[in-house]
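What follows is a short report on a single structure.
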Amino acid sequence: MKNKIIPLLLLIVILIITVSVGALASSYDPVRATISYSPKAVSGLDQLNISITITNVGDGDMIEPVVLYAPNGKPVADFGEDGAVKLSVGASKTYKGVWQLRQSDLDSGAVKYYVKYTMFNDKGEKVQQLKYLSAKFEYENVISDLQISRDISPTVATQDQEVTVTYTFVNKGNVSATNIKVVENKSIATKAKTLDRVLPGEEATIVFTQKMGKKNLVSSSTVTYKSEKSNKKKTFDSQTITFGESKLSAKLKSSSKGVLVGETVKLTLDLENKGNIDFNNLNISDENLGDIFTGQSLVAGQKLSLEKELIVNEPAKYQFIINGTDSTNNEISVKTNAIEVKSINEDQKLTMVVSAEADKTTVFDDNGKVRFTISVNNNSLGEAKNVKIHHGDVDVYTFTEINPGQTKTIIRDFSLTMPGEYKFTATCKNALDEEVSFDSQSIYIDVSSPTMVPIIITPTPLPPLVTIAPKTLMDA
């Protein structure tokens, strides 16, 4: 009998301990709730941004749901199903929403949400539990300060380039700005754009975009909004966004078609900005020469000449490439015309010596003829063809050819009517098919009037003077 009683007593003790532990465990609050909100200070019937998280920190799944109630005593519909949710062990549920402040909230300086759920007491009985979540705030004096700015980019745009007009709203007051509306010029937008509100301390933007056509765009606007039950308005004056034409003209030329091997030639790049857009960071290169000029700028309507001297050792072709950006941030690339620079050997160089002589250095009006003797010596190793002799615009004679080392001479009479220096020029084409000129020395010819023989004129004797005496009284 004793053997049966002892196990029974042990069983009773174990049951008592188990019930006690269960009772202790069941009295532990299984719900943890936290709240965060903004702003912490209001100046009127503003809105509060609310975030509430409820977590099951118990050791078992919830049998009955947790219900979240708003400050007006109604379940929060967006939390679970009609404000109620069952949480498994360790699970959480977060609600994020907005609460519109009431006058009673301003008077109390806080809004209170609360959580309603069921837990068990030490006796294992169901107990309804309420847990309050308070969002306290400060009520400040009303300061309405919505700062509005407009930014246009770019202010000069090429065809089909996108133009952006941005309105930035910064609320530096302590009341919300609501019902914000921007009406732009029709060339920017035909429909207005709106913002619901900008809370204190927040920043927001309204952006308009428009593609540039072939004529200027104009931005001008009216901004309206409401702040603390009063209507506000701000206007922005007209600002023109210019239709930009990107026109860069580039021409390459050489000081000579060619030179002797080892001599230098000067390449000149002439740039002209024929549009109304500036060019920045222009870099000029050539396939053979590599980078030539860098970091060049050219404002609208201006010209720029850049020179590059080269030593010519062999024939070569050059074509410069200009890359850069314009003031609208568009990339540009322009090529010049292609030119060829030839190189010739010493035996291909053409050199001639021209000399002139006059049979007199003074002529008179009645005899103004002067005889000039003009000689041309081909002092080069190659033949000179079609050598033209001229004085100014007057063609004198053409030698069909002058052999190397040969001198050819012509004699011509000229009638001169005024004094001055006279020289003659021989022109022909060299091995590079360039026209080259060689001048004679200058000869000064004076033109004078002939000396006149003086004529002596004998004067005719004058008759003697006749004296006439005045009348007297006796004569009368």
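Read-outs: derived from the displayed coordinates by stated rules, not from any lab. It should be emphasised that the depicted structure is a prediction, and the values quoted were computed from it without experimental measurement. Note: ideal-geometry Cβ built from the backbone for every residue, glycine included; neighbour counts use all protein chains shown.
Taking a point 7 Å from the Cα of Lys191 along the Cα-to-Cβ direction, the residues of the range 224-256 with backbone N closer than 19 Å to it are 224.
Positive-end ranking of Val198, Phe236, Tyr422 along the dipole of the chain, with charges on Cβ about the Cα centre, is headed by Val198. What is the angle, in °, between the Cα long axis of helix 2-26 and the longest principal axis of the Cα atoms in the chain? Nearest 10 is fine, range 0 to 90. Around 40 degrees separate the two axes.
The trypsin sites (Lys or Arg not before Pro) of the range 106-170 that meet both conditions, a loop assignment by DSSP and at most 10 other Cβ atoms within 10 Å of the site Cβ, are Lys123.
Stretching the chain fully between Val183 and Lys429 yields a gain of 81.3 nm (0.36 nm per residue, less the alpha carbon separation).
The fewest-to-most ranking of Thr224, Thr373, Thr235 by surrounding Cβ atoms within 10 Å reads Thr235, Thr373, Thr224. Please list, by residue number, everything in the range 91-131 whose backbone N is under 19 Å from a paramagnetic label point 7 Å out along Cα→Cβ of Glu64. Counting backbone N atoms under 19 Å from the label point, the list is 114-131. Note that the range 344-360 has calculated 3J(HN,Hα) couplings of 10, 8, 4, 6, 9, 6, 9, 9, 9, 10, 10, 10, 9, 9, 10, 7, 7 Hz, one per residue in order, obtained from phi through the Karplus relation 6.51 cos²θ - 1.76 cosθ + 1.60 (θ = phi - 60°); glycine and proline are x. Among the GluC sites (Glu not before Pro) in the range 335-425, which ones are in a DSSP loop with at most 16 other Cβ atoms within 10 Å of the Cβ? Mind listing them? Those satisfying the criteria are Glu383. In the set (1) 37.4; (2) 41.9; (3) 72.3, the label that goes with mean projected area of the Cα convex hull in nm² computed for this structure is (3).
For the range 348-448, what percent of Cα pairs sit more than 25 Å apart? Summing the P(r) tail past 25 Å for the range 348-448 gives 24 percent. For the chain, relative contact order (Cα pairs under 8 Å, six or more residues apart, normalised by length) works out to 8 percent. Toward the positive end of the charge dipole of the chain, with +1 on the Cβ of Lys and Arg and -1 on the Cβ of Asp and Glu, the farthest Cα among Ala41, Ser333, Pro154 is that of Ala41.
FRET efficiency for the pair Glu125 and Lys229, taken as 1/(1 + (r/R0)^6) with r the Cβ-Cβ distance and R0 = 56 Å, rounds to 0.60.
In the chain, helices alone account for a calculated mean residue ellipticity at 222 nm of -2000 deg cm²/dmol, with every DSSP H run of four or more residues adding -39,500 (n - 2.57).
Using the structure shown, list the pairs from Lys172/Lys193; Lys74/Lys126; Lys112/Lys172; Lys193/Lys226; Lys186/Lys234 with a Cα-Cα distance above 25 Å, or answer none. In this structure, Lys112/Lys172 lie more than 25 Å apart at Cα. One chain, two ends: Thr351 and Glu272. Fully extended at 0.36 nm per residue, the span grows by 24.7 nm beyond their Cα-Cα distance. In this rough spin-label picture, where each label sits 7 Å from Cα along the Cβ direction, the Glu245-Ala41 distance is 5.8 nm.
The residues Tyr225, Tyr114, Tyr132, when put in order of fewest to most other Cβ atoms within 10 Å, stand as Tyr132, Tyr114, Tyr225.
The ranking of Ile152, Ile277 from fewest to most other beta carbons within 10 Å of each one's beta carbon is Ile152, Ile277. Using the Cβ-Cβ distance between Thr409 and Leu260 with R0 = 35 Å, the FRET efficiency computed as 1/(1 + (r/R0)^6) comes to roughly 0.75.
For the pair Glu421 and Glu140, the difference between a 0.36 nm per residue extended length and the Cα-Cα distance amounts to 91.2 nm. Listed by chain and number, the lysines whose C-alpha is less than 26 Å from the C-alpha of Lys342, apart from same-chain residues fewer than 8 away, are Lys251, Lys253, Lys257, Lys266, Lys308, Lys317, Lys385, Lys388, Lys429.
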